[in-house]
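Below: the structure, in C-alpha cells.
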Amino acid sequence: MGTYPFESAERRIRRATGQLAIQAVLPGVLLAWAFLSTLALLSQPAAAAVDPPRQDTVILAFDADLPTMDPHMHILRTGVITFYHMFDNLVVRDLKTMQIVPHLATSWKTIDELTWEFTLRHDVTFHNGDKFTAHTVKFNYDRCLNPEQKCPQRGNHAKIKEVQVVDDFTVRFITHDPYPIMLERMQNFQMVSEKVARDKGDAFMAENPIGTGPYKFVHWLKGREVLMQRNDNYWGAKPAVKYAKIRIIPDKATQVADLLAGGVDIVRALPPDQIEVLKASGAAYVTTAPVLRTAFIQLDSQGRTEKNPFMDKRVRQALNYGTNIDKIIEFVLNGQAKRTANVINPLAFGYDPDVKPYPYDPEKAKKLLADAGYPNGFEVRFLSTGADVPAQKQAAEAIQADLAKIGVHLKINHIEDTNSVVAQVKEGKGGPMFQWSWGYYSVFDADGILYDIFHSGNPWAYFWSDETDKLIDEDRSILAPDRREQIYSKVQQILTEEAAHLFMWGIYGIWGVNKRVEWSAPSDEIDRLFLAKPTGK
C-alpha cells in the first residue's frame with residue numbers, strides 16, 4: 001500500500017499498522033462489547049428484552065439510529081433500508097436488470113402524457129390485517145403532498161397533481177406536467193395503513209411501523225437496535241431467515257470486531273484499509289459494488305449559515321484546484337471510488353463524461369485566493385461526518401492537509417451522529433462548509449440529486465441560481481431522453497464552472513459480510529436482509 005504524500009509521519013505509521021492494530025485490540029473490544037451488551041439488556045424492561053436465537057437472526061450494523069419509524073418522515077439512507085423490510089412500494093428495482101418492475105402494482109400504463117394508471121394486487125394485507133387497496137395509495141400520496149404534514153419527501157413527488165381511485169384495485173395519477181421519472185420515484189415510497197394513520201396519528205406511527213412487508217416490527221430499543229420478525233403471511237417470497245435485526249454501533253472498529261466475532265453479519269461502508277483484514281480472517285468476506293452515492297463538500301455560496309468566503313466563485317474554484325482528489329482516492333480510499341467532475345454519478349442517467357474535473361493546481365488556487373482578497377488565506381469551520389462514506393474522517397484530514405498548503409485552514413468538527421448533522425444542514429446551519437453525500441433516493445437519474453441539492457427552496461440546497469432552477473424544472477417535464485441529456489449536460493457544465501461545491505467522487509460501496517450468510521452488494525445501496533441466506537457455517 002502506498003503512502004499519501006501529505007500525511008504526517010504519525011498518520012503513515014497508523015496506516016501501515018492499521019490492520020495489526022484492529023487485530024490486536026479485537027479481544028478487548030469483544031470483551032467490552034459482551035459486558036456492555038449484557039448490562040444494557042438487563043437494564044431493559046422484561047417485555048422489551050426480546051432476544052431471538054442467533055442462528056435464526058441476520059444482523060446489520062448501522063452507525064446511527066433512525067429518527068423515526070414513519071417511512072414518510074425521513075430522508076436518511078438508514079430509513080430507506082429499514083423501511084424496505086417492513087413496508088412495500090408500488091414498484092421496485094430488479095437488481096439483476098436494474099429495471100423497474102411490478103410489486104404492489106402488477107402493471108401500469110400511460111393514458112396520456114399527464115395520466116398514469118396502475119393496477120394493484122388483490123392479496124395484500126397490512127401486518128394488523130388492514131386491506132391494501134387503491135384507497136390506500138391515494139391516502140399515502142395525499143398525506144405526503146399535504147403541506148401541513150411537512151413530509152421531507154414532498155419534493156420527490158411534487159409533480160403529482162392528483163391521485164384518483166378508479167376502483168378498489170385501480171388507481172390513476174395525474175401529474176402537473178409530463179413526468180419522466182415517475183416510476184423511479186415510486187420505487188422508494190412506502191405504503192402505510194390509512195386506518196392506522198387516521199386512528200392512531202403521527203406520534204404512534206413514529207414509534208410503531210405497521211406495513212405490508214416481508215418482515216414485521218417487534219421492537220425498537222432506541223440507540224441500540226431494531227428487531228423484526230418474518231411475516232409468514234407475506235404475499236411475496238418469504239425471507240430465508242426468521243429474524244432481522246439492525247444494531248446501532250457508532251464506532252466502525254467495533255462494528256468490524258463484532259463482524260469477525262459473529263455478533264454482526266453485515267457492516268456497511270467498510271473502511272478500505274480493512275478489506276485485507278477481512279479477507280485474511282477466515283470469518284468474513286468483502287462484497288463491493290459501484291453505487292449511486294456521491295460524496296462532496298457543500299460550500300455555502302448563498303450565505304445561509306453566515307457570510308463567508310465561499311460566496312465568491314474564485315474561492316470555491318481555489319478549493320477545487322487546491323485539493324488533490326485523485327491522490328486521496330488512490331491512497332486513502334485504496335482506489336475504491338470514481339472521480340466526479342461535479343455531483344452527477346456515472347451510474348445516473350444524464351451523466352456527461354465530457355465534463356472534466358478540476359486538475360490539481362495549488363499555484364492557481366493561491367492566485368485565485370489572492371484575486372478574491374485572501375492573499376494570506378483564511379480559517380474556516382468544516383463540519384465532517386462519516387455516515388455512508390468509507391474512510392471519510394481520513395479523507396477529511398487529507399483535504400485539510402491539502403488546503404493548508406494554499407492557506408485555507410480547516411477547523412474540523414467531526415460528528416458521527418448523522419441525525420445531528422442532517423438537522424443542522426436542514427436548518428441552514430451546516431455552513432460555511434460541510435461534508436455531504438447523497439444516494440439519490442436510489443433514483444438512477446440525475447434528478448435524484450439535482451432537484452434536492454441545487455434547486456432553490458429545498459432545505460439541503462446551499463447553491464442555486466435562476467438559470468439552474470429553470471433547467472432543472474425543464475428537465476423534470478420532458479419525456480424525450482435526448483433533450484433531457486442535453487439539459488443535464490448544461491447543468492453539469494454550470495455547476496463545474498461555478499465550482500458549486502468541492503467535488504469529490506462517486507462511492508464504491510464496500511460491505512463486510514460474515515461467512516454465516518450469503519449476501520451480495522446492492523448497486524442501489526438498499527441492504528435487503530430478506531435476501532440473505534444462511535450458509536450453515
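The values are calculated or read from the model by the stated rules, or taken from the named source; none is laboratory data. The structure displayed is predicted, hence computed values, not measured ones. So basically every Cβ, Gly included, is an ideal-geometry build from the backbone, and we count neighbours across all protein chains shown.
Points to keep in mind about this one:
- Residue-level check: of (1) basic (Lys, Arg); (2) without any contact (Cβ under 8 Å) to a residue 24 or more places away in the chain; (3) under 17 Å from Ile59 (Cβ atoms), Lys242 misses just (2).
- Residue match in the stretch 191-207 (condition: touching a strand residue (DSSP E or B) at 6+ places or on another chain (Cβ under 6 Å), outside any strand (DSSP E or B) and either in contact (Cβ under 8 Å) with a residue 60 or more places away in the chain or not assigned by TED's automatic domain parsing to the domain that holds Arg483 (or both)): no
- Only helices (runs of 4 or more DSSP H) whose full extent lies in the stretch 371-466 are considered here, and the ones with at least 2 residues that are more than 21 Å from Ala500 (Cα to Cα) are 392-404, 418-426.
- Filter pass, Arg93 being under 15 Å from Met186 (Cα atoms) and either touching a Leu at 6+ places or on another chain (Cβ under 9 Å) or among the charged types (D, E, K, R) (or both): yes
- Answer residue from the stretch 423-482, given it is among the polar types (S, T, N, Q) and modelled with pLDDT under 95 and is nearest to Gln187 (Cα to Cα) among those: Ser442
- Selection from the stretch 297-349 of residues that are surrounded by fewer than 23 Cβ atoms within 10 Å (Cβ to Cβ), within 21 Å of the chain's Cα centre (by Cα) and small (Gly, Ala, Ser): Gly335, Ala341, Ala348
- When residues of the stretch 124-176 are limited to those that are in a loop (DSSP other than H, G, I, E, B) and aliphatic (A, V, I, L, M), the one surrounded by the fewest Cβ atoms within 10 Å (Cβ to Cβ): Ala158
- Selection count, the stretch 454-503, where residues are on the phi > 0 side of the Ramachandran plot and in contact with a helix residue (DSSP H, G or I) (Cβ under 6 Å, 6 or more places away or on another chain): 1
- Residues that are touching a residue at least 24 places away in the same chain (Cβ under 8 Å) and either touching a Ser or Thr at 6+ places or on another chain (Cβ under 8 Å) or farther than 18 Å from Arg224 by Cβ (or both), drawn from the stretch 264-279: Ala269, Leu270, Pro271, Pro272, Asp273, Gln274, Ile275, Glu276, Val277, Leu278
- Taking every residue in the stretch 288-315 that is farther than 21 Å from Lys366 by Cα and pairing it with any residue that is of a type in the set (Lys, Arg) and in a helix (DSSP H, G or I), at least 6 positions away or on another chain, the pairs with Cβ-Cβ distances below 9 Å are Arg293/Arg77.
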